[in-house]
Amino acid sequence: MHPTIPTSKLDLVEPLSVGTGLVEASSSLWKRAAERVSVGFSELMRWGFDGRPVPPNSAPRVTAQRLHQSGFPGIDGSGAIAKLYLDPLRSLAASGRIEACTLLPFAGLLSERRLLRRYRAWCPMCLFSMLSGPCVYEPLLWRLYAVKVCPVHRVDLVEVCYMCRALRQRVLGSFARVGCCNRCGAWLGTREAARSLPSADPCEVKVSRAIMNLLALTAEFESDGHDGHSTLRKLVTVSAVRDLLISKFDISPITVLAYRRVPSLPQLSVLATVAAVSRQPLHRVILGQVESWRSSSDSSARIDVSPRNPRRNWKSIGRKFEKLAMDPACTNVEKACKLVKIDETSAHRHFPDSVARIAQRGKIFRLEKAAAHKQDMLMKMRDAFRTLIADGVYPSFEKIAKMSGVDTRHLDRECVKDLLDEEWKRAEGKTHLTRQGSRNPNFIRDGS
């Protein structure tokens, strides 16, 4: 049985940057607490503090397998998971508002759909600048799905490790460390990774900055009694908001009108876009307090409101796809879809016959290519056999494979056996060498 961890060893782990837009996420606080006692997150949860089990009995059990499967992304959100793991966090800090490290102050105001990222994202430039500060941490801002760029350095957030190219890194892992890759353990804030980042879209910068300003005002929402179900009902009364929902988010006019009758929680990305376009504070937009606006004359200040999913001319696309299906050189469905700029799912749904013809042609092409490659390898082995016979060297299977340079793992055993039988029969009376038993029991037992 493992000993429990005394809380006195963890009293220095305090939430950082509380009251600012770069407040530390609770997942980052848990990882720093695990590093403080040199254990993994799952061990920290299983051992508990001062004999008290962590998490409580009503919370899901934290195991290495569960961390590998989910990573507990909801620990920074506004749902039940964040509430269950909030009380253990209170025992780690003597001061500071722990609720500000999660989105619990916005519970009942924002929809949980597309609220948090499922996997980690970070800004290498922020991590690099934290090295000169008191401590390295991961802000709650990076955990939000609507935040695509860093509002401080105006670069896209990174989701791939610079060293091992690892994707989809879990928020929490058995031995996850702040600012380090979950797979290789490399530091994610290297100078090389920061230099290779391109400049971000100014529109996304406005959205991220609006959300960062909202997180700085978390204290105003902790005791607020506003019901988020009435937010959309108030927003759609403004004509500019209705036009933005239809054009930017591709929401049908019927659905927009239904928001007036059916109460539903708004998504953070929608509210942040409305705030960025109208140049109004996001905390007022969340409360439904938005005024109508006009488009700015400055083109650089406007946000692109072109439809995300524009209507397609399927007849024209069908003619192009049919032309590709008739082309003998077109043997790959994926490349054909890229040429006409559609996804494979749409191609299977709208043009099943053309997709079937291209797929069948590709299958025949791959079979013919494999057969030609097989014949080429057999020809090389045949030439190697005859060369060894001419030099008076016994043509063992190992020598034939080495001289020909053929990877015999991709050859059928029967084909190679037939080749050797044919060549030995052809060499009868022309050489003093006689066929011996095979020394490779894993290949041909009848002789090589």
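The values are calculated or read from the model by the stated rules, or taken from the named source; none is laboratory data. Everything quoted here is computed from the prediction, not taken from an experiment. Cβ atoms come from the backbone with ideal geometry, glycine included; neighbour counts cover every protein chain shown.
Summary table
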{"read-out": "Residue under evaluation residue 126, criteria (1) assigned to a loop (DSSP other than H, G, I, E, B); (2) over 30 Å from residue 226 (Cβ atoms), criterion not met", "value": "(1)"}
{"read-out": "Residue within region 360-370 that is of a type in the set (D, E, K, R) and touching a helix residue (DSSP H, G or I) at 6+ places or on another chain (Cβ under 8 Å) present", "value": "no"}
{"read-out": "Given (1) without any contact (Cβ under 8 Å) to a residue 40 or more places away in the chain; (2) in a helix (DSSP H, G or I); (3) surrounded by 19 or more Cβ atoms within 10 Å (Cβ to Cβ), number of the condition residue 192 does not satisfy", "value": "(3)"}
{"read-out": "Residue within region 344-359 that is in a helix (DSSP H, G or I), without any contact (Cβ under 8 Å) to a residue 60 or more places away in the chain, aromatic (Phe, Trp, Tyr) and surrounded by 11 or more Cβ atoms within 10 Å (Cβ to Cβ) present", "value": "no"}
{"read-out": "Pairs with Cβ under 8 Å, 6+ apart, first in region 244-266 and among the small types (Gly, Ala, Ser), second at pLDDT below 75", "value": "247/305; 247/306; 247/307"}
{"read-out": "Among (1) modelled with pLDDT of 90 or more; (2) of a type in the set (Asp, Glu); (3) surrounded by 14 or more Cβ atoms within 10 Å (Cβ to Cβ) - the single one residue 423 does not satisfy", "value": "(1)"}
{"read-out": "Qualifying residue in region 325-339 (condition: under 19 Å from residue 313 (Cβ atoms) and over 31 Å from the mean Cα position of the chain (by Cα))", "value": "yes"}
